[in-house]
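A short write-up of the structure that comes next.
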Amino acid sequence: MIEPTLYDQARDRIAADGFTPDTQSRIALVVCATKNANLLFQSQAQWLPNLGVVQQFFISQAARELEAVTLLLRTTQWSTNAMLALEAQRIVAPLLAAWGKVMQFPGPLFNPPAVYRGISLGHAQLARIRLIPIIPEQIDPLNPFALVLHRIEQENGRMLQTQIRLLKSMGSEMPLAQREALVEQDQEVVDAVFNDLLTWLSAAP
Amino acid sequence: MPTVIFGPHKVNYELVGEPGRPVITFLNGLTQNANLWKSYAEHFVPRGYRVLAYDMLGQGRSSKPVIDSKLATHADTLAHLLDELEIDKIHLVSISFGGIVALDFAIRYGQRLYSLTAMSTFAELTPQLEFLGAVMTQGLTEVGLPYLQNMLYPMNMSSAWIAANRERIPAMKRAGYIGNDGYALQNLMESFVEFEPLTAQLPKIKVPTLIMNGEFDFFTPRECHELIRSKIRNSRLLIIQHAYHAFTLEMPAVTMRQLGEFLDRITNGTWQGDQSVWIAADDPTAKIQWLPCDGDWMRAVRPVAASPATPTPARPRKTQPRKTPT
């Protein structure tokens, strides 16, 4: 569980400074990186043979992740501080490394355990990266950036159903306890990244 | 909070009070966590009890399984937690979702109980509950956790409480949103897909059992509690006046007083489990707390058979000022 005080500190900072270009850029850089990784995985996984109805869910999720990234890219007021990109890259590096293992040769199309891991990582991202609690109450509800965060999070909850259903029903030779442990392990990777993002947002500009 | 490991899961708990004293264990509702029983611990520890509260699987800081969703796991987890803490027997107090877990525990681990308190709960899914559960799951999965939170406030609390706490509710919702994970709640709710009704097994519960139901609880209405009362011989049904589903939060003083009354009766040997129905006093400081329930407790109105001697009820005249609801 993410410490509630981390949310409070980030929200207090945004309440004091507003959604500055720096703050928007920090959020957009990290969220886009995570979504692009899932998008890449979904784009490949939809070509798996004999998917049946599951194929529709992969296609739909890839499209909606692309929509989320597009919304963020176009709505964000970007900062001119290039150092933000470097820090964002440092924060998401462990998660991108985990995605790298999923996508490495021979890739999910030819590596069933990688498919399970990709779904588990996608679950962790969609479930654990939650930014609504950092939006201050006094922010104009029609603030474009706040609105896009709300939309993305609501959509994450819907998209998550694909991962939940697949994790529960997908045939896997792994015992149940091992599968649960794998999901929890991926959540810890995502939680660490999200912890760093919240801490970054709380820090003075 | 300390942690106990049960299989692949970790369970966070809080145990306060001096060792050797009788233990009261609290089981949470669906979206609750161990912290919500802090005021109960502050009340009962000075009165000679130890209090154990914990985040059930899927809640707070305990593990939140994604795949495994067996309802029976919760009672097994409690048994394991008690083993780890070297606690032999407990007074088990439970509400709503925790109530079903408590009933399951009392059926399968009854030898580990001194008593059972089941509040705002059910032993089987009535058609209403089944539909409500489906709507809640649909709301959570198709709209999101904030929608479910918005839905639960009016289902759990009275208008008076909502009006009095309107300013605090956004912060409370935010805390609930941070503490709960939608997928974990969904998993808890989906555990009912394979849920077998407990009703037929309720007669196996032999320990003193207090069943508490809010007078106006429309989420788990009287019929749910009546079913439990009718199947457990060593029980009493206590109706909490003016209360809705989550009276442990809305009326803690009244709830603590009723629990204390029940535990006192067990301790001093005056408890009578006779399946009778009582009404809790509104005033937690009143000397007499359990008032006899006169009439049909299943009804909201008391019909009187019409006869020539029955006078027609007077209608208020149009000129009379209308009473303001209080």
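What follows is calculated from the coordinates using simple rules that are stated; it is not laboratory data. Quick caveat: nothing in here was measured; it's all calculated off a predicted structure. Backbone-built Cβ (ideal geometry, glycine too); neighbour counts: all protein chains shown.
Work out the FRET efficiency for B:Q272 and B:R47 from their Cβ-Cβ distance, taking R0 = 22 Å, and round it to the nearest 0.05.
On the way: r = 22 Å, r/R0 = 1.01.
Step by step, r from the Cβ atoms, then E = 0.50.
Could you give the dipole magnitude of the protein assembly as shown about its Cα centre, charging the beta-carbon of Lys and Arg +1 and that of Asp and Glu -1, in debye to the nearest 20? All intermediate terms of the calculation are to be shown ahead of the outcome.
Numbers: 48 positive and 50 negative charges, 241 e Å.
My answer is approximately 1160 debye.
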(request) Rounded, prolate or oblate: pick one for the range B:214-259, where a ≥ b ≥ c are the square roots of the eigenvalues of its C-alpha gyration tensor, a/c under 1.5 means rounded, and failing that, prolate if a/b is larger than b/c, else oblate. (result) oblate
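Mind putting a number on the dipole of the range A:4-195 about its Cα centre? Charges go on the C-beta only, +1 for Lys and Arg and -1 for Asp and Glu, and I need it in Debye to the nearest 20.
Working: 16 positive and 17 negative charges, 97 e Å.
The calculation lands at about 460 debye.
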(request) Would you mind getting me the FRET efficiency between B:E196 and A:K168? Use the beta-carbon distance for r and R0 = 22 Å, nearest 0.05. (result) 0.65
(request) Among A:P144, A:P49, A:I129, pick out the residue whose Cα is farthest towards the positive end of the charge dipole of chain A, where Lys and Arg carry +1 and Asp and Glu carry -1 on C-beta, about the Cα centre. (result) A:P49
(request) Measure nothing but the geometry: give the 0 to 90° angle between the long axis through the Cα atoms of B:145-156 and the longest principal axis through the Cα atoms of chain B, rounded to 10°. (result) 50
(request) Quickly work out the B:E167-to-A:N195 label distance, labels modelled 7 Å from Cα along the C-beta direction, and quote it in nm with one decimal. (result) 3.6
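Order of A:32-38, A:194-200 by packing, highest average Cβ count within 10 Å first?
Numbers: A:32-38: 21.7, A:194-200: 19.1.
Top of the packing list down: A:32-38, A:194-200.
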(request) Compute the long axis of helix B:252-267 from its Cα atoms, compare it with the longest principal axis of the Cα atoms of chain B, and write down the angle in degrees, 0 to 90, nearest 10. (result) 70
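About the Cα centre, and with charges only on the beta carbon of Lys, Arg (+1) and Asp, Glu (-1), how big is the dipole of chain B? Nearest 20 debye, please.
Numbers: 32 positive and 31 negative charges, 231 e Å.
Here the size comes out at about 1100 debye.
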(request) Partner chain Cβ atoms within 10 Å, averaged over the residues of B:61-69 - can you pull that number for me? (result) 6
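Please go through the range B:6-86 and write out the trypsin sites (Lys or Arg not before Pro) that DSSP classes as loop and that have at most 14 other C-beta atoms within 10 Å. Walk me through the intermediate numbers first.
Details: sites: B:K10, B:K38, B:R47, B:R50, B:R61, B:K70; in loops: B:R61, B:K70.
Loop-located and lightly packed - B:K70.
Shape of the protein assembly as shown from its Cα gyration tensor (a ≥ b ≥ c, root eigenvalues): rounded if a/c is under 1.5, otherwise prolate when a/b > b/c, or oblate? Please list the in-between numbers first.
On the way: a/c = 2.02, a/b = 1.67, b/c = 1.21.
Note, shape of the protein assembly as shown comes out prolate.
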(request) For a footprinting-style exposure proxy, rank B:L249, B:L202, A:L121 by other Cβ within 10 Å, fewest first. (result) B:L249, B:L202, A:L121
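How far, in nm, would the chain grow between B:M298 and B:S230 when pulled straight, counting 0.36 nm per residue and subtracting the alpha carbon separation?
On the way: separation 68, 0.36 × 68 = 24.48 nm, distance 1.25 nm.
Taking 0.36 nm per residue and subtracting the Cα distance, the gain is 23.2 nm.
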(request) Using only Cα atoms, find the angle between the long axis of helix A:54-75 and the longest principal axis of chain A, and express it within 0 to 90 degrees, rounded to the nearest 10. (result) 20
(request) Could you work out, for the range B:30-179, what percent of all Cα-Cα pairs fall into each 10 Å distance bin, beginning at 0 Å and stopping at the bin that holds the largest distance? (result) 9, 34, 37, 18, 2
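Of the listed peptides B:219-226, B:104-111, what is their order by residue-averaged count of other C-beta atoms within 10 Å, with the highest listed first? It would help to have the intermediate numbers written out before the result.
On the way: B:219-226: 20.4, B:104-111: 18.2.
Peptide ranking by packing, descending: B:219-226, B:104-111.
What does the C-alpha gyration tensor say about the overall shape of the range B:33-106? Classify as rounded when a/c is under 1.5, otherwise prolate if a/b is larger than b/c, or oblate.
prolate
Please work out the FRET efficiency for the pair B:A72 and B:T126, using the Cβ-Cβ distance as r and a Förster radius of 22 Å; give the result to the nearest 0.05. Each step should come with its number before you reach the end.
Working: r = 21 Å, r/R0 = 0.95.
It comes to 0.55.
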(message) Using a 7 Å offset from the Cα along the Cα-to-Cβ direction at both B:D283 and A:M83, what is the distance between the two label points in nm, to one decimal?
(response) 6.8
(message) Loop-only chymotrypsin sites (Phe, Trp or Tyr not before Pro) in the range A:41-145, please: DSSP not H, G, I, E or B, and at most 15 other Cβ atoms within 10 Å.
(response) A:W47, A:W78
(message) Averaged over its residues, how many other protein chain Cβ atoms are within 10 Å of peptide A:126-133's Cβ atoms?
(response) 3
(message) Over chain B, with a Gaussian network built from C-alpha contacts below 10 Å, which listed residue (B:G17, B:G58, B:G29) shows the highest mean-square fluctuation?
(response) B:G17
(request) Calculate for chain B the 222 nm mean residue ellipticity that helices alone would give, adding -39,500 (n - 2.57) per DSSP H run of length 4 or more and normalising by residue count, nearest 500 deg cm²/dmol. (result) -10500 deg cm²/dmol
(request) Please quote Rg/Rh for the range A:4-195 to two decimal places, taking the Kirkwood radius as Rh and restricting both calculations to Cα atoms. (result) 0.98
(message) Could you tell me the center-to-center distance, by alpha carbons, between the range A:97-144 and the range B:155-220 in angstrom?
(response) 30
(message) Give me A:L109, B:L15 sorted ascending by neighbouring Cβ count inside 10 Å, so fewest comes first.
(response) A:L109, B:L15
